[in-house]
């Protein structure tokens, strides 16, 4: 896939969140393409020893001086930094942190980018920037308001990104990412794979639900295309084009490790009943967040998003599916 690779040679690019899961893959791709790369990192961050050609600016999204220094002389900003604990307890403290980092931090970076004359700004957002679509797959026309502090902060940042683009003539694009998988992934999907490998998770039933995912390398591809092609003022969902049921996730993880798939399953109502009991026990222990039910919802509930628009408009063609990732990456680790 031609993502305009040659156009990055010598181009000055700033990446925020460069030491994170997605950021590291972005840095690798940009270095391969010959970009003049600068990263904004918090003081004391661990930088890979082979990043000797990467310019490092110490600072964070709350420090205007460091943001101005980071944006000076930059053509393209890829904003991947943020407070990513989407499932953190819905408390005032966490809500305030989401707003401070994901919304206000983005506002400050945009201001610095505009002041420095940055021409292109790609913001890595999330499907959580819109409300729960329920039992359906939705495209970018779905515009329900977000329901969580994380989603509300990201949505506010998206709106400012597009507004700045319109007002200042900047090539500004939002990418709403589905759950990202790949080497180094964390959170619920990684836990499911590990649990399936070790036989800790009961066989999930087929409920017909659909959940969208995207491989980290396809996220990188989407970023490259969004920065280079006629995407200014657009917001896109980014997935691997292949939604999965909870049962498919379980079966794929088991087979990746050469494990048999049990013929029997645990009915969904039984699983939810157990989850309710476990959450009740947690509440008695003073932990009010319904963590077990929430985790089960992420496996058996819906979260389906249609990314055909970015494919049609920018030529995005994801190279990965979870099955391919498990066969290549996880079997390699197992061997």
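Just so you know, all these numbers are worked out from the coordinates, no wet-lab data involved. Predicted model, so just to flag it, every value in this text is computed and none were measured. Don't worry about glycine lacking a Cβ; one is built from the backbone with ideal geometry, like all the others, and counts go over all protein chains shown.
Details
- The chain - share of DSSP beta bridges that are antiparallel (%, nearest 5): 5 percent
- With a Förster radius of 45 Å applied to the beta-carbon distance between residue 47 and residue 277, the computed FRET efficiency rounds to 0.45.
- Relative protection proxy for 111-123, 305-317, from highest mean packing down: 111-123, 305-317 (other beta-carbon atoms within 10 angstrom).
- Which labelled figure in (i) 73, 44, 41; (ii) 60, 44, 41; (iii) 68, 51, 44 is Cα extents along the principal axes in Å, once derived from the coordinates: (ii)
- A helix-only calculation puts the chain at -12000 deg cm²/dmol for mean residue ellipticity at 222 nm, using -39500 (n - 2.57) for each DSSP H run of at least four residues, averaged over all residues.
- Nitroxide proxy distance, nm - points 7 Å out along Cα→Cβ at residue 285 and residue 230: 5.7 nm
- Candidates 300, 259, 225, ranked by Gaussian network fluctuation over the chain, Cα under 10 Å, top entry: 259
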